[in-house]
Structures are given as C-alpha cells and as structure tokens.
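A short write-up of the structure that comes next.
The values are calculated or read from the model by the stated rules, or taken from the named source; none is laboratory data. Keep in mind it's a predicted model, so treat the numbers as computed, not measured. When we count neighbours, we look across all protein chains shown, and the Cβ atoms used for this are built from the backbone with ideal geometry, even at glycine. Please note that ligands, DNA and RNA were not included when accessible areas were found on the heavy atoms of the full protein model with its side chains. Shrake-Rupley method; radii C 1.70, N 1.55, O 1.52, S 1.80 Å.
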Amino acid sequence: VTYSKAMIIILFCRRIFVSCVIICGQTCKHVFLWLVEPEKHPDFWKEWAQRTLKNALTLQDLNKNVAKNIILFLGDGMGVPTVTAARILKGQMSGQSGEETQLEMDKFPYVALSKTYNTNAQVPDSAGTATAYLCGVKANEGTVGVSAAAVRSQCNTTQGNEVTSILKWAKDAGKSVGIVTTTRVNHATPSAAYAHCVDRDWYSDGDMPTEALQSGCKDIARQLFENIPDIDVIMGGGRRNMYPRNTPDVEYPGDKKHNGTRKDGRNLVGEWIDRKGYYAWNRKDLLSLNPNNVDYLLGLFEPADLPYELERNKETDPSLTEMVDVAIKILRKNERGFYLLVEGGRIDHGHHEGKAKQALHEAVEMDRAITRADLLTSIYDTLTVVTADHSHVFSFGGYTPRGNSIFGLAPTVSDIDQKPFTSILYGNGPGFKLVNSTRENVSTVDYEQNNYQAQSAVPLRMETHGGEDVAIFSKGPMAHLLHGVQEQHYIPHVMAYAACIGQNKDHCRTNSGSPSLSHISPTLALLLAVKWLLC
C-alpha cells in the first residue's frame, strides 16, 4: 500500500499508542482508533480511495507511443481465484494478513477479461489457447500454430493451415525475440510461438507415430531450431528431446528415464552450439555469463520441466526471475527492441496435481519476475501484458477471517458431516479421499505441507481446467486497447499494433510525425493518386 505522509506518521504512532491514550484519555477516542486500528476509522478508507482516485485520473493521458519492446507474461492456469490467492500468499510470506497486498500485476493500470474457449472446446487446453494469444487465431484443442481447419493428430491436415505468431512478426521486423518458461521449451505454450503441429504431444520424433513421420510432419523440438532459426534467447527445460535416443543426460547420467528420445540421431543442442555459440544447462553457467557478450543463448536446465519453485535446487536450477533478468539484458541490446514470451508454466501443473501450495508459490514467483522486468524496462516504450491461457476448478472460501492462512482451515466444520475443511478446495481431482466411506478428516493430516492435495468433489487422477474468463493486465504503449471482455485471439493483434509490426501499420508514423508512405493502405494510396490526377 502506498501511504501519504500523514498516514505514515499515524502508522508510526501506533507503536506508542499506550502513551497517547494516557495523555489524551477519553477525549481522544478517534485518535486512539487511528493509532491502534486505523481500518476501523472511516477516514482510513476514504483517504485510500482518494489516493486511488487521483491516480486513476492520470490514466486519461493515454500512452500512444510506439512500443519498442513487448513482453507477454503467461501464467499457465492462472485464473482469477489463483491471482487472488497468490496475492494473499505474497502478503503472508512477508508477515502481513495478505488481503491488502498488491501483486506487481495488480499495479497495472488496465485490466480486461479474456474468453478462453477453443474452437471445438468449451473448456480449453493450453495448446489451442496458446495459438490464440500468440498467433491471433482461435484453434482446436491439442494443436499449436495451426488454424481450426487442422485436426488433432492427423498429420495430413497440417500443410496449408499453418499460422504464424507475434514472435515471428517481431523477428521479421528486426527485433530480438526470446522464450522463457518453467516447462519444457517445446511444451504447449512456447511451441505455439514457433511450431506448426497438429499434436502438442509430439515433443520429439520419438513421440510421433510412424505414419506422421512418413507423411513429413516434424516434431516440435526440431521445429524450434528450424522454423525460426534465429530465436535469440531460449530458456527452460526439455533437454531429453534434443538428444539421440539413449544418450545419458548430463545431470542425471545414471537415470535412464532422462535419456535422449530422438530417433533421427540428431543432437540439436550440438547443432545450436555449432551455429550460435552459447549454451547453459545449469544455474551457475547461466549467471556467470556476461549478457553484453552473448547474442544467442540456449538454456536447458532439466531433461523435462523445471522443478517447482519450492523444490528448486538453487545450485543447478535458476528461478524464473533469474532467467527473465538474463533474457532482457541480452535482448535489450537491439536498438529496434525485442519481444519476450515468459511462461510461469508450473502453476498449471500444481493445480492438476491438486497441490495448491505448489501452484500458488509458482504464481508468486512469476510475479517476482514481472517486478524484475519492470525494473529493467520503461513504461514509456515497453508494452507489458500479463494473462493466463485458462483457469482451473480451484477455489477458496468458507467464511475465513481476515489474515487466515491461505492454506488453512475454514473457521467452522461442515454442518452435514461435522468435519473441518480447508479454505482451498477443487471441483475435481486427486484430492478426493474417503476414510471408512466418509470424507477424510483433514485435521488429522498436515494440510499445509508443500505437496498436500486439497480435497476435491469428484475423484480424478488429474484435476481439470476451468472454463471461466481469465484476466488480462496491461501497461505501456497502447495498453488501453486491452479493455472490456475480449476474445483471447485479440491479444497479439493489440501487441502488434502497439509495436507497429504484423498487419496493422497504417497508424505508424515517421520521426517527423507525418505518415510514412510505406504505412499507407493501398485503398488510401489509390484515393490520394486519384485526387492528385483530378487536381
């Protein structure tokens, strides 16, 4: 919370409220309320609202600059309940009650809602949604970088239905581009930035059916290096999909499940090193590099996905914040700017496993990365967007009191089975458990441990996505265009418009302020020519 000078003095005086009461007695009842419990005094809330109002009035001066840089933060599975719970967790991690805390994304001036359905799904998956918010086209579930005319797992429907992403639009415009994720770099979200694949699970050719390979379809890992061969920064997991089958992993040489999976015998990491140069597979290597001396970076820190933040080995695995820091420092050297896709991908995995604590700590870590990006960029020339691909059937409630641990119990027991329940619950998932044919008594287990699986209403091995709208937070040039309730595929069109890349360039101007001839539409150019001839 941002306090005025008067409020700071009042809060400071809370430390000496006893003395104040002795001096003032009953005549200072209102002062006492201010000093001890300011929230009980109406003026506390009125002053807070007035500060917020004054700040809101400044938003009338719209930022219509050209966005030199574009950053998209994608919290996979980060629905609105997850945002709220992560906010409370962030505050509680610093000793506050949590509800009044601000996430970095909360500070963004513009908020909209995104409709997340796929063309063939009411409740979407991460592949079809990624195609929407990266390529600007709604698509079928399970497919990346192809239109809805492509059918999942049918290789022969790929050709002719490919769609390109904003990452490619930015690269074609001369910008540097990067991908940072806590999942595999060829997982659903990042793959839509560069791949055209009718099956999100075709991570390497070892995951593809023979028929698809014979028909000429390429695995996603291969497309990462071939479709847009000059992606400047790539960081995440996924090492095993880059090496020939049975190649031992550099970090886990004795564990066969981490061995290479490629059937074509290619060493894609080796090819990168030969072509581009810098490769890192651990945190030490990453943090020891000088961004000023590196133009192209491939960082693969695990055979598959990176570990949860709560389980991260700080010797070998970088945090999302650390990866974002290095990525921006490399990309910003380009005078034409950059485009960066950042995915907090394991928020989704935590929810699927019913492990709310893992999911929420992943969301808090992504918010730290947003804070770091803010420090390295300027709101005047950088459009930053934070959103989610979809939600989950995650909720928290139960009339919990202010400051209740976000992972704690509701204050009362069920009036049906007379057993306690946690505030956090899932609509379905692996947390469904019966003991003697009745609901488990959660007070007999450690419900605040890292991997506790919150109770669910319906038993499933994996919890499912939710179908409700998700939030879009935005700041920087043209951020106001992300408003109201929008289709998800609208997002990259706004970002491209702000940066004068892709198809919308008519509004872009030269340094002199006059329209650039190259940005005039054919129709307008024809009208101007006719006018010139007639005159």
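Tabulated data for the structure shown
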| quantity | calculated |
| --- | --- |
| Number of the exception - Ala304 against (1) crowded, with 22+ Cβ neighbours inside 10 Å; (2) within 23 Å of the chain's Cα centre (by Cα) | (1) |
| Only one of Glu468, Glu448, Glu440 that is surrounded by 14 or more Cβ atoms within 10 Å (Cβ to Cβ), among the acidic types (Asp, Glu) and either touching a Phe, Trp or Tyr at 6+ places or on another chain (Cβ under 8 Å) or within 30 Å of Leu62 (Cα to Cα) (or both) | Glu468 |
| Which numbered condition Leu310 fails, given (1) open to solvent by 40 Å² or more (accessible area, probe 1.4 Å); (2) more than 27 Å from Gln358 (Cβ to Cβ) | (2) |
| Failed criterion for Ser414 (all others in (1) surrounded by 13 or more Cβ atoms within 10 Å (Cβ to Cβ); (2) out of contact with any Gly (no Cβ under 7 Å at 6 or more places or on another chain); (3) without any contact (Cβ under 8 Å) to a residue 60 or more places away in the chain hold) | (1) |
| Answer residue from the range 196-236, given it is modelled with pLDDT of 95 or more and acidic (Asp, Glu) and is nearest to Val294 (Cα to Cα) among those | Asp232 |
| Tally, over the range 350-361, of residues that are open to solvent by less than 10 Å² (accessible area, probe 1.4 Å) and not in a loop (DSSP other than H, G, I, E, B) | 6 |
| Verdict on Thr131 being open to solvent by less than 10 Å² (accessible area, probe 1.4 Å) and in contact with a Leu (Cβ under 9 Å, 6 or more places away or on another chain) | no |
| Test result for Lys276, within 29 Å of Val163 (Cα to Cα) and of a type in the set (Lys, Arg) | yes |
| Out of Pro248, Pro190, sole residue that is modelled with pLDDT of 95 or more and out of contact with any Leu (no Cβ under 9 Å at 6 or more places or on another chain) | Pro248 |
| One residue from Ile347, Ile379 being of a type in the set (Val, Ile, Thr) and part of a loop (DSSP other than H, G, I, E, B) | Ile379 |
| Checklist (1) in a helix (DSSP H, G or I); (2) in contact with a His (Cβ under 8 Å, 6 or more places away or on another chain) applied to Asp367, failing item | (2) |
| Filter result for the condition that a residue is under 17 Å from the mean Cα position of the chain (by Cα) and aliphatic (A, V, I, L, M), over Val435, Val413, Val386 | Val386 |
| Tabulated pairs, the range 49-69, first assigned by the TED database to the domain that holds Leu482, second among the polar types (S, T, N, Q) and outside any helix (DSSP H, G or I), C-beta under 7 angstrom, 6+ apart or interchain | Ala67/Thr382; Lys68/Thr382; Asn69/Thr377; Asn69/Thr382 |
| The range 24-83, subset at pLDDT below 90 and hydroxyl-bearing (Ser, Thr, Tyr), residue farthest from Gly467 (Cα to Cα) | Thr27 |
| Top-ranked residue of the range 417-449 - restricted to ones that are of a type in the set (Asp, Glu) and touching a residue at least 12 places away in the same chain (Cβ under 8 Å), ranked as nearest to His351 (Cα to Cα) | Glu448 |
